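The next block holds one structure in the form of structure tokens; read it before the comments.
The values are calculated or read from the model by the stated rules, or taken from the named source; none is laboratory data. No experiment lies behind these values; they were computed from the predicted model shown. When we count neighbours, we look across all protein chains shown, and the Cβ atoms used for this are built from the backbone with ideal geometry, even at glycine. Note: areas computed on protein heavy atoms with side chains; ligands, DNA, RNA excluded. Shrake-Rupley method; radii C 1.70, N 1.55, O 1.52, S 1.80 Å.
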Amino acid sequence: MAATPIAVVTGASSGIGAATARQLAAAGFRVVLTARREDRIEALAAEIIEAGHEATAYALDVTDRAAVDEFATAFRSLAVLVNNAGGALGADPVATGDPADWRQMYETNVIGTLNVTQALLPALTASGDGTVVILSSTAALSSYEGGGGYVAAKHGEHVLAETLRLEIVGTPVRVIEVAPGMVRTEEFATTRFRGDTEKAAKVYAGVDAPLTASDVADTITWAVTRPSHVNIDLLVVRPRAQASNTKIHRTL
Ligand code: 8X3
């Protein structure tokens, strides 16, 4: 009997990462949950196991290259890597944005994805049928005022996905980019506004049904479970009420 294929999900402690881990487990993968917050991923792994699926938790900071390399030694063969860890800090204009925020966003979104992808690429290739998913954003494809360092970092991830796809064509590894628009999760906007829940709530004010983490997990799971020769290069997903980063229908 073939071994259960393994899927590593980074940033699996909440939001899109947690929802993706649940759905990939239900789709038949043994999921390896990584995030900095060990208690959360342990609890999620227990929940997934309780539901009759396979899961393990591994505390990991994707910006710590030595820790990522150590983590990667556990895998000789890997089916799927979902690079989800990342996020936004601040919504200041370019004129006044804090360079420390820009640096941190580049570090978590771009270098974090680079670290884990580089470390696990040999195992993905060795599987004979590997898939790298990069969770970017519609902020990776066009700018918006106040997008600042987040827009810049997400554009970086988009280019990383495109370049990697060009470079590894001919190897048995797909590179899939999923670019969600407005997704209401418990943490994204609150983190961006440093705990200011009022400002965070305004992001979604009057929007009829922003996407949920589960909606995005659904698109990731769909893309990952297409036949091996089908590469969903780029999947843009927005709520019906959003036509672009700045064109959003609100009933206020
Ligand atoms: C999240 C979408 O519009 O906040 O990646 O940049 S947005």
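A compact table of results
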{"quantity": "Criterion violated by Ser127 - all others in (1) within 23 Å of Ala12 (Cα to Cα); (2) among the polar types (S, T, N, Q); (3) within 16 Å of the ligand (Cβ to nearest atom) satisfied", "calculated": "(3)"}
{"quantity": "Residue, least open to solvent (accessible area, probe 1.4 Å), within the stretch 141-190, restricted to residues that are within 16 Å of the ligand (Cβ to nearest atom) and of a type in the set (Ser, Thr, Tyr)", "calculated": "Tyr150"}
{"quantity": "Options Ala200, Ala243: the member that is modelled with pLDDT under 95, within 13 Å of the ligand (Cβ to nearest atom) and either among the aliphatic types (A, V, I, L, M) or closer than 19 Å to Val110 by Cα (or both)", "calculated": "Ala200"}
{"quantity": "Filter result (part of a loop (DSSP other than H, G, I, E, B) and either of a type in the set (Phe, Trp, Tyr) or under 14 Å from Arg40 (Cβ atoms) (or both)) within the stretch 1-22", "calculated": "Gly11, Ala12, Ser13, Ser14"}
{"quantity": "Any hit, the stretch 63-86, residues being within 15 Å of Arg192 (Cα to Cα) and touching a Gly at 6+ places or on another chain (Cβ under 8 Å)", "calculated": "yes"}
{"quantity": "One residue from Asp129, Asp208, Asp196 being open to solvent by 20 Å² or more (accessible area, probe 1.4 Å), within 28 Å of Ala25 (Cα to Cα) and among the acidic types (Asp, Glu)", "calculated": "Asp129"}
{"quantity": "Qualifying residue in the stretch 229-240 (condition: away from the ligand (no atom under 14 Å from the Cβ), open to solvent by 70 Å² or more (accessible area, probe 1.4 Å) and within 22 Å of Ser13 (Cα to Cα))", "calculated": "no"}
